[in-house]
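As structure tokens, the structure follows; a few thoughts come after it.
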Amino acid sequence: MMKRILCLLTAVMLCLILPAAAEENTKVVTAAELDELLERVRAQALTEELLNDPTGEDAESEDGTFFLYEAAGFYAEGTEMTADNPVNTLVFDCDEENVLRGTGMNSRVEDVLAAFPLDNADLAGTREDAILYLRETEAGFAYGRILRDGQWINTVEYGEVVSDGEMSCRTAVTYSLENGTVNAIRVSGLNPAGGELMDASQAEEFYNELIQLAGCEDYEAVKTSRNGLELTVLDAEELIVGGLPYVTMKPGDLPGTPETEIIDNEDGTWLLRCDGDGYEAVFRCGEHGEDAEILSFTILDDGIEGPRSVRIGDIFSDDFNRFRNGENEMGEDMTELLYGTEGTAPYGVAFYDFSAMTLRYVTDTPEGLQVELLLKYDNYFLTEIILHTV
């Protein structure tokens, strides 16, 4: 924790000594920058036709009166959009690709993160959120943070809290994402009188929450690369499912209370099958379930993460970029040897069949076992994760 806090304090000092000509992505988002965005978009909108009736009941909300233009939507005061009426919130949900710093609708999450400061490259935090940066500004402090569900980032937010001594206003731009792609952008706190105001104690509480999150290292992003040769091969230490090591897994380690069945394998051995919530585990065992040794673990829903945090519902390209690849060319049979020599662990192979694809990674363990990880995709989404002792 101390290491993370020291890193952030160092980043604050670096920010103070950066030259004025620093690249745009090293500059924090400020209320002034978001005000400039508002005025640019408003000027464009006022040259366009108004697409809704701001006097209708459905145009009224707690954010103000809604004015819809092709350029963007505005929540503002009054029933007429002018060049100077107060705007509380600005929203984008059309195909505008350049809203702020070259990011916009349909931008990938990695492109959004690359357009702004990033003092926490590992995205260390909790499974639900992480700080991107936290820096002092002339009038208060600026921050960047993500909200996530494991490896799935669903919100990226950059903002500044500006204080006048008694009250503080938070102005922020929020990117909403689905499947790693921006599908909505919201700029809030543009009009202090319209909301987002905090008194001194509330501002301090918010700042302390960010500091506490900055010191958290419970969960982090899995390293990815578009250059697969930068990545390492899958090794035995990474054979983890739901936080449990696969190789030494026992029936008593399984989450929840699975239904169990002992099956005669008709070759003098017995199998213990455990059906749990979102998974199935199979062990080799004695006739009464004793001396159980794991044979396979299958993940069937998104409640459990596998090696390198793969998860049901992942997009093929996201998972592909978590493992080493690129050592060989595509074969004529629509297979690709990603690394190593097939049949001699460690190695990885991809099987392509139009929308159905499989990734297979095999590694040796210190116990003398050979374990394969199978990732099966349908229409580019991960539908099944299997760890199997070969």
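Each value in this text was obtained by applying a stated rule to the coordinates, not by laboratory testing. Treat the numbers as computed from the prediction; the structure is a model and nothing was measured. All Cβ positions, even for glycine, are placed from backbone atoms using ideal geometry, and neighbour counts span all protein chains on display.
When ranked by the protection proxy of mean other Cβ atoms within 10 Å per residue, highest first, what sequence do the peptides 222-234, 350-362 form?
Listed from highest to lowest mean packing, they are 350-362, 222-234.
Separation of the range 160-221 and the range 333-390 by C-alpha centroid, Å? Centre-to-centre (Cα) distance: 42 Å.
From a point 7 Å beyond the Cα of E384 in the direction of its Cβ, which residues of the range 359-376 have a backbone N at a distance under 18 Å? So the set is 359-362, 372-376.
The share of Cα pairs per 10 Å bin across the range 244-390, counted from zero up to the longest distance, runs 11, 37, 33, 16, 3 percent. Would you be so kind as to identify which of G252, A203, C274 lies farthest towards the positive end of the dipole of the chain, taking Lys and Arg as +1 and Asp and Glu as -1 on Cβ and the Cα centre as origin? Comparing the listed Cα positions along the dipole, A203 ranks first. If we count every other residue with Cβ under 10 angstrom of L337's Cβ, Lys/Arg +1 and Asp/Glu -1, where does the sum land? Combined, the nearby Lys, Arg, Asp and Glu give -4. When the label point is put 7 Å from the Cα of T155 along its Cα-to-beta-carbon vector, which residues of the range 291-335 have a backbone N closer than 15 Å? Those under the cut-off are none; the list is empty. Across all C-alpha atoms in the chain, the radius of gyration and Dmax reach 25.8, 84 Å.
Summed over all non-identical Cα pairs, the Kirkwood treatment of the range 14-214 gives a radius of 17.7 Å. FRET efficiency for the pair D35 and M167, taken as 1/(1 + (r/R0)^6) with r the Cβ-Cβ distance and R0 = 25 Å, rounds to 0.90. Taking a point 7 Å out from the Cα of E70 in the direction of its Cβ, the residues of the range 38-52 whose backbone N falls within less than 19 Å of it are 40-52. A crude spin-label estimate for the pair E280 and E62, with each label 7 Å from Cα along the Cβ direction, gives 4.7 nm. Where only DSSP H runs of four or more residues are counted, the chain gives -4500 deg cm²/dmol as its mean residue ellipticity at 222 nm, each run worth -39500 (n - 2.57). Residues M330, M105, M167, ranked from the fewest to the most other C-beta atoms within 10 Å, line up as M330, M167, M105.
Computing FRET efficiency as 1/(1 + (r/R0)^6) for T248 and T341, where r is the C-beta to C-beta distance and R0 is 35 Å, gives about 0.80. Computed about the Cα centre, the dipole magnitude for the range 288-386 is approximately 280 debye when only Lys and Arg (+1) and Asp and Glu (-1) carry charge, each at its Cβ.
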